[in-house]
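Asks: Starting off with a structure, shown below.
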Amino acid sequence: MPLNLQVVTAERIIINEDVDTLVAPGSDGELGILPRHAPLLSGLKPGELRYRRGGEENYLAIGGGFIEVLNNKVIVLADSAERSEEIDLERAEAARHTAEQTLANRGQMSIEQLAAAEAALRRAMVRLDIGTRRRGSRTGIPGRDY
């Protein structure tokens, strides 16, 4: 019995398909979802959403949001979401660099600015990790190994 997975952002529907399992970055840790899972409503933090369909594992970079599980249907309302093949590695690397430069001036930042810069760095690192995984290398960026 498969799970119906829907991943939706304000701009578009990213996924609407049946999957065997999924793992989502819950606000308090990873959430593993299998068929017949108990009803669940949880916040999501920025991170990797993995799902398996047949023998194939797929990855999404999500920027936080909410997840609802009810009657073998999983709805993810994501602040942002990208399939691995949609991630522009150059743009993700530029975002990582910008966030690191911003954090270098942390002594001059408010708590809110610091939290925003740290969140931007987390999102960039997740996007880089997921985007490079599909290319078969650790980073996919020449000279980078993190």
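Asks: Report the relative contact order of region 3-83, percent, no decimals, based on alpha-carbon pairs under 8 angstrom and at least 6 residues apart. Provide the component values of the computation, followed by the final result.
Replies: On the way: 211 pairs, mean separation 26.7, N = 81.
Once divided by the residue count of region 3-83, the mean separation gives 33 percent.
Asks: What is the distance in Å between the Cα centres of region 1-18 and region 65-129?
Replies: When both Cα centres are located, 20 Å separates them.
Asks: Calculate, for R133 and N16, the FRET efficiency according to 1/(1 + (r/R0)^6) with r their C-beta to C-beta distance and R0 30 Å; round to the nearest 0.05. Display every interim value, and only then the final one.
Replies: On the way: r = 23 Å, r/R0 = 0.76.
It comes out at approximately 0.85.
Asks: Scan around L31 for amide H atoms under 5 Å from its own, H built in the peptide plane at 1.01 Å from N, and keep only partners 5 or more places away or cross-chain.
Replies: Close amide H contacts, sequence-distant or interchain: A24, G26.
Asks: Moving on to the next point. For the chain, calculate the relative contact order in percent as a whole number, restricting contacts to Cα pairs under 8 Å that are 6 or more residues apart.
Replies: Working: 293 pairs, mean separation 29.5, N = 146.
It rounds to 20 percent for the chain.
Asks: Spin-label point model (7 Å from Cα, Cβ direction): what's the E30 to E57 distance in nm?
Replies: The two pseudo-label positions are separated by 0.8 nm.
Asks: While we're looking at this one, here's another question. Send over the semi-axes of region 88-133's equivalent ellipsoid, whole angstrom and largest first, taken as the square roots of 5 times the C-alpha gyration tensor eigenvalues. Provide the component values of the computation, followed by the final result.
Replies: Numbers: eigenvalues 98, 18, 7 Å².
Ellipsoid half-lengths, sorted descending, are 22, 10, 6 Å.
Asks: Here's a follow-up. What is region 37-120's relative contact order, in percent, from Cα pairs under 8 angstrom and six or more apart in sequence?
Replies: Details: 109 pairs, mean separation 18.7, N = 84.
The value is 22 percent.
Asks: Between D28, D88, D129, where does the largest GNM mean-square fluctuation fall for the chain, given springs only between Cα atoms within less than 10 Å?
Replies: Comparing D28, D88, D129 in a Gaussian network model of the chain, the most mobile one is D28.
Asks: For a footprinting-style exposure proxy, rank M1, M125, M109 by other Cβ within 10 Å, fewest first.
Replies: Working: M1 8, M125 18, M109 14.
Ordered by Cβ neighbours within 10 Å, fewest first: M1, M109, M125.
Asks: Now a separate question. Which loop GluC sites (Glu not before Pro) in region 1-103, with loop taken from DSSP, have no more than 13 other Cβ atoms within 10 angstrom of their Cβ?
Replies: On the way: sites: E11, E17, E30, E48, E56, E57, E68, E82, E85, E86, E90, E93, E100; in loops: E11.
Loop-located and lightly packed - E11.
Asks: With θ taken as phi - 60° and the coefficients 6.51, -1.76 and 1.60, list the Karplus ³J(HN,Hα) couplings across region 9-20 in order, rounded to whole Hz; mark glycine and proline as x.
Replies: 10, 5, 8, 6, 8, 7, 9, 8, 8, 7, 10, 8
Asks: So, one more: For volume of the Cα convex hull per residue in Å³, one of [x] 117; [y] 149; [z] 139 was computed from the structure I shared and the rest are decoys. Which label?
Replies: Checking each listed value against the structure points to [x].
Asks: Using amide H atoms built in the peptide plane, which far-off residues or other-chain residues are under 5 Å from S80 H to H?
Replies: G63, G64
Read-outs throughout are calculated quantities, based only on the coordinates presented, and are distinct from any laboratory measurement. This is a predicted model, so every value here is computed, not measured. Here the Cβ is made from the backbone with ideal geometry for all residues, glycine too, and neighbour counts use every protein chain on show.
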